[in-house]
């Protein structure tokens, strides 16, 4: 009589015998194994090589023109009243500049005059534009909530708690050690190209070039490290009298060697100059410009998180600007202190409330500390209330029109770009 054990043993021997005596089975098994190995090898190779792309735009690009005008108006208000509340929006289209928004200032700003000055600086003729203005004072409800924070209404007497956040939302700051600017390499290179074109145009070394234009750079990474420039795209508005071949030669020989000096192109880099052909019609005549439509150019090129709030035209009580500057400052100091190779800082606010709702740090696995430990250090070292941020960076000064082109994190002259909190961070560790 067979037991259950005997039956199982007979079944196992029978099955094994069938399998091991089947050449077809072996061939199929080996083929599947080889296919799996090849797939694994291919996946590893694919992971080793990645591409990152960023763009920048010139100061006369329609959207950047609007950013510059908005910040020009903001600076004019701050010059006469450092406590001005400004939320200025600009649209540029077809020979018209429309300025709208909320402005509360001790003296009435000369907005039309400011617009014409800004147009001239950006390379346009003010006489070619009509200016329309529709601005009013900040809402009393918003003004009350910002000037008299939730904490103050609840009895807190700390001077930094008196000013509530001018809006709700989450702001992000990012830094990486892959460049001196602590910004993504393709973004730095794209900014360099646009800045160099504008400099050479302004110095009359690049003739027949008009104000509009943009650049885009793709960098090839291997194992997370920048290896080479894969592609450069440059579009430059030019006079109809200027031959495209002449423009191409000037960009190739005069602009790119300077702009890409920190990380040069190689013989295999694809360089496209005005790939659409003639670019005679540009600026607001060709494309409508709007304030805040280049927020990725303003920040991290799309390679880090963004809360969605634009910067230009806003005074420092708006935390989508001042809070984002603080988040960048913290991220940059964390990386400079060697606490992470790259990191992203997030700060969440509620309108009318001084204290942030949440603070987060993401180090992407590049830190010896946990993200929770980094966030705890940040909250102990930095005061993230709007009044403290404004005082820390002296944000009541008229400094903003300098930020509106080539990114808000492009100059060591900006107070939020300094790395003077390193020792405090290291001591906390």
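Read-outs throughout are calculated quantities, based only on the coordinates presented, and are distinct from any laboratory measurement. These numbers come from a predicted model, not from an experiment. All Cβ positions, even for glycine, are placed from backbone atoms using ideal geometry, and neighbour counts span all protein chains on display.
Give me D for the chain in µm² s⁻¹, whole number, from Stokes-Einstein with Rh from the Kirkwood sum over alpha-carbon pairs, 20 °C and 1.002 mPa s.
Result for D is 87 µm²/s.
Report the percentage of all Cα-Cα pairs in the stretch 321-381 whose separation exceeds 18 Å, rounded to a whole percent. All intermediate terms of the calculation are to be shown ahead of the outcome.
Numbers: 525 of 1830 pairs.
Percent of Cα pairs beyond 18 Å in the stretch 321-381: 29.
Please report the equivalent ellipsoid semi-axes of the stretch 362-429, computed as sqrt(5 x eigenvalue) of the Cα gyration tensor, largest first, in whole Å.
Values: eigenvalues 140, 49, 23 Å².
Ellipsoid half-lengths, sorted descending, are 26, 16, 11 Å.
Using the per-residue mean of other Cβ atoms lying within 10 Å as a proxy for protection, in what order, highest first, do the peptides 308-318, 131-141 fall?
On the way: 308-318: 24.0, 131-141: 13.5.
Descending packing order for the listed peptides: 308-318, 131-141.
Suppose we take every Cα in the stretch 223-322 and form the convex hull; what volume per residue is that in Å³?
Details: hull volume 16.3 nm³, N = 100.
It is 163 Å³ per residue.
When the chain is modelled as a GNM with alpha-carbon springs shorter than 10 Å, which of 144, 404, 161 fluctuates the most?
144
Grab the DSSP H runs of the chain that are 4 residues or longer, score each as -39,500 (n - 2.57), total them, divide by all residues and round the 222 nm result to the nearest 500 deg cm²/dmol. Let's see the in-between values first.
Numbers: 14 runs with 162 residues, N = 429.
For the chain, the value works out to -11500 deg cm²/dmol.
Applying a 10 Å radius around every beta-carbon, put 187-194, 215-222 in order of their mean neighbour count, most first.
Details: 187-194: 27.2, 215-222: 20.8.
Result, highest mean Cβ count within 10 Å first: 187-194, 215-222.
Please say if the stretch 157-198 is rounded, prolate or oblate, where rounded means a/c under 1.5 for a ≥ b ≥ c the square roots of the C-alpha gyration tensor eigenvalues, and otherwise the choice is prolate for a/b larger than b/c and oblate otherwise? Walk me through the numbers before you get to the answer.
On the way: a/c = 3.36, a/b = 2.54, b/c = 1.32.
Cα axes put the stretch 157-198 in the prolate bin.
Which Rg and Dmax, in Å, describe the Cα atoms of the stretch 157-301?
18.8, 67
Please report the antiparallel percentage of the DSSP beta bridges confined to the stretch 98-245, to the nearest 5. List each step's numbers first, then the result.
Working: 11 of 16 bridges.
Roughly 70 percent of the beta bridges in the stretch 98-245 run antiparallel, per DSSP.
With N residues in the stretch 94-190, what two-decimal value do you get for its Cα radius of gyration over 2.2 N^0.38 Å?
Working: Rg = 20.4 Å, N = 97, 2.2 N^0.38 = 12.5 Å.
Relative to the 2.2 N^0.38 Å estimate, the stretch 94-190 comes out at 1.63.
Give the angle, between 0 and 90 degrees and rounded to the nearest 10, that separates the Cα long axis of helix 4-20 from the longest principal axis of the Cα atoms of the chain.
Approximately 80 degrees, to the nearest 10.
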